[in-house]
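First the structure, in the form of structure tokens, and then the observations on it.
The values are calculated or read from the model by the stated rules, or taken from the named source; none is laboratory data. As the structure is a prediction and not an experimental result, all values here were calculated from the model. Here the Cβ positions follow ideal geometry from the backbone for every residue, glycine too, while neighbour counts run over all protein chains shown.
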Amino acid sequence: MVTLPIHGSHESYPVNPTKIIALGLNYRDHIAESHSVNVQGFTDEIPAEPILFPKTPNVLIGPGESIVIPRFVKDYGFEEPRVDHEAELALIITDRCKDVPAEDALAHVFGYTCMNDVSQRNLQTGDKSGWFRGKSLDTFGPIGPQVVLPGDIGDPQALNIRCRLNGRVAQESNTRHMIFSISEIIAFVSRNFTLMPGDIIMTGTPSGVGPLHHGDVVQVEIENIGVLENPVVEE
């Protein structure tokens, strides 16, 4: 289990969600790069409602732990095997809730942190069942470096977000550019699923996603949270 420090306290937080709900296509500039990402269901249309997909808890790793590109992917003989980074703001739910009105949604957030929605694109493209497997391989959900409580985050809808790959900025945006706001996301997700304490919602990634390779170091940095850094290795 991943344990993260809670900002401004001596306490720590055990990350133990019953589910991780992620959002696809929630930044306009990421939608614009749909052709280069080349994934089924990834179009240049602005979605009418949030696009949800699951990541399973086995993806979770903490700061400094390795993102592992699994050996079995080579068995498929993909011409261009591709595993991508995706920098995202994630939120942790504080209580059991259902059908939350958007105007009350932020009251159900325990805290905020960084996540990297690591994605195996070939499986995400080819699996008839959709994005599930390519998003949920072991280690494909780095989280951290800390949990920041709502009173310390500032405006969560105005945070700079960036990803660096080997020190080079690959993604850079601000959470104000989300298509669906954090409040709208929580309201929509809770309409579909009962949320439980500790559940994680990932809010989508901006443009600039790109491939990871053995030996890379990837950093997700979000304003008022910090830097989540993970090395990449091939199994």
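Quick notes on this one:
- Lone unmet requirement of (1) touching a Pro at 6+ places or on another chain (Cβ under 7 Å); (2) of a type in the set (Lys, Arg); (3) more than 30 Å from HIS7 (Cβ to Cβ) for ARG96: (3)
- For the criterion of being within 27 Å of SER66 (Cβ to Cβ), in contact with a Leu (Cβ under 7 Å, 6 or more places away or on another chain) and at pLDDT 95 or above, ILE161 passes.
- Positions within the stretch 38-63 being small (Gly, Ala, Ser) and at pLDDT 95 or above, in sequence order: GLY62
- Only listed residue being assigned to a loop (DSSP other than H, G, I, E, B) and surrounded by 16 or more Cβ atoms within 10 Å (Cβ to Cβ), chosen from GLY204, GLY215: GLY204
- The stretch 166-194, residues that are surrounded by 18 or more Cβ atoms within 10 Å (Cβ to Cβ) and among the hydroxyl-bearing types (Ser, Thr, Tyr): SER173, THR175, SER181, SER183, SER190
- Looking across THR205, THR194, THR175, one residue alone is touching a Leu at 6+ places or on another chain (Cβ under 6 Å) and either over 17 Å from ALA87 (Cα atoms) or of a type in the set (S, T, N, Q) (or both). It is THR175.
- When SER34 is tested against the conditions (1) loosely packed, with under 14 Cβ neighbours inside 10 Å; (2) at pLDDT below 95, the lone failure is (1).
Okay, residues lined up against (1) of a type in the set (Asp, Glu); (2) out of contact with any His (no Cβ under 9 Å at 6 or more places or on another chain):
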position	(1), (2)
PRO63	no, yes
ILE69	no, no
VAL73	no, yes
GLU80	yes, yes
GLU88	yes, yes
THR94	no, no
CYS97	no, no
LEU106	no, yes
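- Single condition GLU79 does not satisfy, out of (1) modelled with pLDDT under 95; (2) under 24 Å from ARG176 (Cα atoms); (3) out of contact with any strand residue (DSSP E or B) (no Cβ under 7 Å at 6 or more places or on another chain): (2)
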